[in-house]
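Below is one structure, written out as structure tokens; comments come after it.
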Amino acid sequence: MTTQTLAGEQTGSPMMSAARQVAPIVMGYLPVGAAYGVLAQQAGLSLLNTVLMSVLVYAGSAQLIAVAMFAAGLNPVSIIATTFVVNLRHLLMSASLAPNLKSWNKWELALFAYEVTDESFAVHSVRFARGDLNKTTCFGINGLAQISWVLASFAGYFAGASIPSVEPLGIDYALPAMFIALLVMQMKNVLHILVAGFSGLLALVLNQAGAAQWSVILATVIGATFGAGVESWTRK
């Protein structure tokens with residue numbers, strides 16, 4: 001991307017830039033959001049509660065886990081504690097993005113943080129690394145992504161009565177596929193590939209060892225530390 005193109009994206013049409021960059025996220029959110037709506041309907045949640053969870057919670061993995069726990073009849077404390085642990089990774093994402101947002105007002109930071117997901121974090125990380133800090137683009141990406149998620153949840157709820165199970169349709173794989181695509185977009189050198197492979201393998205090992213919901217968080221911290229150590233060593 002040339003400097004001229006980047007400047008055009010930042011000042012000329014920030015919402016168009018947001019729409020282009022959020023397109024892969026939207027394509028992943030539509031089937032996964034619909035799957036969540038189907039599962040919520042089958043778990044006995046009302047349409048209002050289903051949509052409100054997408055508006056207020058807005059965390060795909062946490063919502064899917066919460067719906068499964070609702071269906072199993074678990075108590076509210078267990079559901080809240082589990083989703084809290086699942087979303088602890090947002091602390092790492094916030095720490096990574098924070099240095100680029102030092103000039104923002106507190107209300108802007110709060111609104112931005114409210115809509116950051118794993119997928120939008122990946123897109124923002126790439127944008128910030130190349131110097132694209134346009135606020136309109138930031139909020140445009142977040143807003144369009146959440147709108148698509150909410151609409152997909154709404155549509156999936158109504159389709160739930162006629163869909164006995166989402167697994168035969170293959171839409172349960174849409175979320176992992178989207179993560180893979182976003183990861184590939186961030187691969188710039190051999191070290192990135194090495195860290196990604198090491199972290200993914202470590203997450204699987206930790207999960208099999210019983211770490212469960214902590215496996216991704218621990219693998220992320222250890223993988224990032226490993227990558228930083230290797231990078232420092234190679235520079236020396």
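The values are calculated or read from the model by the stated rules, or taken from the named source; none is laboratory data. Everything quoted here is computed from the prediction, not taken from an experiment. Here the Cβ positions follow ideal geometry from the backbone for every residue, glycine too, while neighbour counts run over all protein chains shown. Only protein heavy atoms, including side chains, enter the accessible area calculation; ligands, DNA and RNA are left aside. Shrake-Rupley method; radii C 1.70, N 1.55, O 1.52, S 1.80 Å.
Kirkwood-type hydrodynamic radius, region 16-81: 12.8 Å, calculated from all non-identical alpha-carbon pairs. The charge dipole of the chain, taken about the Cα centre with unit charges on the Cβ atoms of Lys, Arg (+1) and Asp, Glu (-1), comes to about 600 debye, rounded to the nearest 20. Between the Cα long axis of helix 60-71 and the first principal axis of the chain there is an angle of about 20°, rounded to the nearest 10.
For the residues 65, 180, 25, a 1.4 Å probe over the protein chains yields an accessible-area ranking, largest first, of 180, 65, 25. Across region 97-112, the residues whose backbone nitrogen lies under 20 Å from the label position 7 Å along the beta-carbon direction of residue 228 are 97-102.
Two decimals, Cα atoms only, Kirkwood Rh: what is Rg/Rh over the chain?
0.98
Toward the positive end of the charge dipole of the chain, with +1 on the Cβ of Lys and Arg and -1 on the Cβ of Asp and Glu, the farthest Cα among 109, 83, 36 is that of 109.
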